[in-house]
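Comments concern the structure below.
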Amino acid sequence: MANYGELRVVSDLDDVHADTATRVIEFTNRLYRPAASPLTLEDYNDHFAEMWGVDTDETMRRWGIFCKEWMANVTPMEGAGQTQRDMPRNAHMEILTARDAESSGDATRLWVSRHLARVSGVNFANVGWGKNADAHKRTKREELILMKPHMFIEDQPRHLTSLVDLPIRDLVVFTRPWNRGLSHPRIMRVSSQAVLSELIQERAAEKLVEAERAA
């Protein structure tokens, strides 16, 4: 990812491009919640053990079921396909996800190949919720230090706030219910895939201008 004039974009997958939270809530309500007290999107927590109230072993068991039986039917976020189609030729996007590589790697790559045509790679980062130390090698912060993107897109506040000291031009939060309270001068907010697409196109055009001026 080092061509002159290119825009290097790294993005989270879940709840930026894939509407995973909606599907996880549906999965939880159907299999594990009493009908009288279903979870809603407002209850979503990507620390599944906390949301489900179970230990790590049971969390990994449930996540395995979700990956095998439910993940293929996760729908793209509204407009995600159009964002891919409209991405400028000098913009290059990779996915950086906190999903467990061992349990969901194949399903994740398959989903990305079906729905995100312009994504050139899928990377898995360790945020500590899996038990297998070999499943992932680095945190998102550590991965991004190596990847050196111009833009990083994420829905989880804790990941973005851990990056504010890094030389990433655009730290972008994709609006979801659980990040409404996030406010930081280094973090910009986009409310939809359409707004995200406009930002990518704007930054890609700037990179071309920079390259022409330097030529």
Gained length - Val54 relative to Val195, 0.36 nm times residue gap less alpha-carbon distance: 47.0 nm
Could you size up the charge dipole of the stretch 21-73 around its Cα centre, putting +1 on the beta carbon of Lys and Arg and -1 on that of Asp and Glu, and report it in debye to the nearest 20? 260 debye
State, as an integer percentage, the relative contact order of the stretch 9-91 based on alpha-carbon contacts under 8 Å between residues 6 or more apart. 39 percent
Lysine pairs in the chain with Cα distance under 23 Å, only those 8 or more apart or on different chains: how many are there? 5
Okay, helix-only estimate at 222 nm for the chain: each DSSP H run of n ≥ 4 adds -39500 (n - 2.57), divide by all residues, round to 500 deg cm²/dmol; what do you get? -12500 deg cm²/dmol
Using the alpha-carbon atoms, what tilt in degrees (0 to 90, nearest 10) does helix 101-115 show relative to the longest principal axis of the chain? 60 degrees
Would you kindly derive the ³J(HN,Hα) couplings of the stretch 68-82 from the backbone phi angles with the Karplus curve 6.51 cos²θ - 1.76 cosθ + 1.60 (θ = phi - 60°), listing them in order in whole Hz, with x for Gly and Pro? 6, 10, 10, 4, 4, 9, 5, 8, x, 4, 4, x, 5, x, 5
As a test, work out the antiparallel percent of DSSP beta bridges whose residues both lie in the chain, rounded to the nearest 5. 5 percent
Based on a Kirkwood Rh over C-alpha pairs, give the Stokes-Einstein translational diffusion coefficient of the stretch 21-73 at 25 °C and viscosity 0.890 mPa s in µm²/s. 218 µm²/s
Rounded to whole angstrom, the alpha-carbon centroid of the stretch 152-193 lies from that of the stretch 60-94 at a distance of 19 Å
Using Cα pairs under 8 angstrom and six or more residues apart, how large is the relative contact order of the chain, in percent? 27 percent
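None of the figures in this text is laboratory data; all of them are computed from the coordinates on show. If you're wondering where the values come from, they're calculated on a predicted model, not measured in any experiment. Backbone-built Cβ (ideal geometry, glycine too); neighbour counts: all protein chains shown.
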